[in-house]
Amino acid sequence: MKKIMVVLLILVLTTAFVFAGGEKEKESGEITLKWWHHMPLDGAQGKLFAEYAKEFEAANPGVTIVIESIPHAEYIKKIPTAIASGQAPDIYGLSYRNLYSYADNGAMAPLDEAALKAMGLSSYSDLEAQWAPGALDSYKIGNTYYGLPFQFNIYAYIINTKHFKEAGLDPEKDYPKTWDEVYKVAAKLVQKDGDRITRQAMSFPFEHSAAWYMLELEPIIRELGGSILNDAQTECLINSPEGIKAMEEIQKRFDLGVADSNIAASLDYYNEGFPTGKFSITVGGQWGPGRWYKNFEDVTDGTDFMPIAYPSYPGKDPAISTTSWAWVVSSTSKKKDMAWKLADYITSMASRNIIETGDTIPRAGWSETEGAKTIPYADFWEDMIQYSQPLANFEKYSEVSEPLKRAMQEILLSGADIKKTLDSVKKEIDLAITE
């Protein structure tokens, strides 16, 4: 009994201390914001975030920011645990793929009128004017915004201009615009020794995550007017005519002999294969060329890589994919308005962010800043946002993308029948997303 009384006394005193601390903070006008992210403290992002925190504190007397850096693998587990236990930080980074589940759980505060006022804005129109068109859509549900992007990746096709010139092609004029042109150009780019391919014109990211498979598949389906899931995300549509045609389109690179599945199956497609000239056309992001020039300066000269829009079908716009992380504010925060003010501040310096971290914050006009000069063809990448949608924006991402990755491997590597394989994986995904 004595032990129980001691425990109860400790709990009472602890509660009183926390309550008194909160009251003291309220009375004194002092505010402490907890900020969580998954970037290493000694990395470029971590160091810059620390600078942002000090600057914000200086500009807002009485505000203290406590930053916690959590390794990514631990971070994605710790955030939902903290939310469930009522210990969520005031502001934290969230991938667009988690937006729906976190919104459903009521874990995020909306960017409401009070938040806009704290940011010096009066309406969503004012907010949208500060960002590249469509850049905030990844964090919008219905008519409400929930996040401000701090790491934004835009994907298109990228070509090796040296390979084009070697093949007698002008990369500025002869790059492929349609899917039919892709194979005609690829036939001139591929190199062979007899029947054996020695340099692919195109390849496939077999060695990479399911997201890279979706980067190949989803844009084609969108161009054809289809989608992987229905709007309600209650049924998989991968075996639709559009899904079947998209898979046939991808398979053509192997059937027409401009890519070799045996080579592609063991190739580090993005980090090493394309930048070192093992093939000529790739899917890539705006951060790729700058990184490749730096990492492979012995084989590149700063002019090798040129982005082009996703090939499309006649009369269709290119279908561009984006991936991103954004700062969101916890619904349980007692300082939501100040947290949103912080989120606005740390996403307001697009040029500085590019220069110091290489990451793109898609504020309006970011491609014309000093920092954007480090990103080849920055204006092209910003222009592509208007055709973009968040990549594989599924509420149950793994349950959809992983079976599709496996199905694509069966088709492209093992020669499995496209329709039968897609019929089968549709059933598997339907069960997973309706459980």
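The values are calculated or read from the model by the stated rules, or taken from the named source; none is laboratory data. Being a predicted model, the structure only gives us computed values, none of them experimental. Every residue, glycine among them, receives a Cβ derived from its backbone with ideal geometry; neighbour counts consider all protein chains shown.
If you check 42, 90 for being of a type in the set (Asp, Glu) and either in contact (Cβ under 8 Å) with a residue 40 or more places away in the chain or in contact with a Leu (Cβ under 8 Å, 6 or more places away or on another chain) (or both), only one passes: 90. Among the numbered conditions (1) crowded, with 18+ Cβ neighbours inside 10 Å; (2) not in a loop (DSSP other than H, G, I, E, B), the only one that residue 275 does not meet is (2).
Condition first: polar (S, T, N, Q) and more than 23 Å from residue 287 (Cα to Cα). Now tell me which residues in the range 331-360 satisfy that.
Step one: list which residues in the range 331-360 are polar (S, T, N, Q), which gives 331-333, 347-348, 351, 353, 357, 360.
Across the range 331-360, the qualifying residues are 331, 332, 333.
When residues in the range 241-280 are screened for being within 24 Å of the chain's Cα centre (by Cα) and of a type in the set (D, E, K, R), 2 of them pass.
The residues in the range 377-420 that are surrounded by fewer than 21 Cβ atoms within 10 Å (Cβ to Cβ), modelled with pLDDT of 95 or more and among the polar types (S, T, N, Q) can be counted, and the count is 2. Do we have residue 127 as touching a residue at least 12 places away in the same chain (Cβ under 8 Å), surrounded by fewer than 22 Cβ atoms within 10 Å (Cβ to Cβ) and either of a type outside the set (D, E, K, R) or in a helix (DSSP H, G or I) (or both) here? It is true that residue 127 is touching a residue at least 12 places away in the same chain (Cβ under 8 Å), surrounded by fewer than 22 Cβ atoms within 10 Å (Cβ to Cβ) and either of a type outside the set (D, E, K, R) or in a helix (DSSP H, G or I) (or both). Among the residues that make up the range 78-86, is at least one of them farther than 22 Å from residue 396 by Cα and at pLDDT below 95? Yes, some residue in the range 78-86 is farther than 22 Å from residue 396 by Cα and at pLDDT below 95.
Taking the numbered list (1) at pLDDT below 95; (2) touching a Ser or Thr at 6+ places or on another chain (Cβ under 7 Å) in turn, residue 48 passes all entries but (1). Residues in the range 372-389: is at least one out of contact with any strand residue (DSSP E or B) (no Cβ under 7 Å at 6 or more places or on another chain), at positive phi and in the same structural domain as residue 39 (by TED's automatic domain parsing)? The answer is no, given that none of the residues of the range 372-389 is out of contact with any strand residue (DSSP E or B) (no Cβ under 7 Å at 6 or more places or on another chain), at positive phi and in the same structural domain as residue 39 (by TED's automatic domain parsing). None of 108, 119 is touching a residue at least 24 places away in the same chain (Cβ under 8 Å), buried (at least 18 other Cβ atoms within 10 Å of the Cβ) and more than 14 Å from residue 326 (Cα to Cα) except 119.
Residues of the range 238-260 that are surrounded by fewer than 18 Cβ atoms within 10 Å (Cβ to Cβ) and part of a loop (DSSP other than H, G, I, E, B): 256, 257. For residue 369, the criteria (1) more than 22 Å from residue 214 (Cβ to Cβ); (2) crowded, with 23+ Cβ neighbours inside 10 Å; (3) β-branched (Val, Ile, Thr) hold in every case but one, which is (2).
If you go through the range 139-174 and pick out every residue that is of a type in the set (Val, Ile, Thr) and surrounded by fewer than 17 Cβ atoms within 10 Å (Cβ to Cβ), you end up with 2.
Residue-by-condition table, conditions (1) under 18 Å from residue 212 (Cβ atoms); (2) out of contact with any helix residue (DSSP H, G or I) (no Cβ under 9 Å at 6 or more places or on another chain); (3) assigned by TED's automatic domain parsing to the domain that holds residue 34:
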| residue | (1), (2), (3) |
| --- | --- |
| 225 | no, no, no |
| 241 | no, yes, no |
| 254 | yes, no, no |
| 332 | no, no, yes |
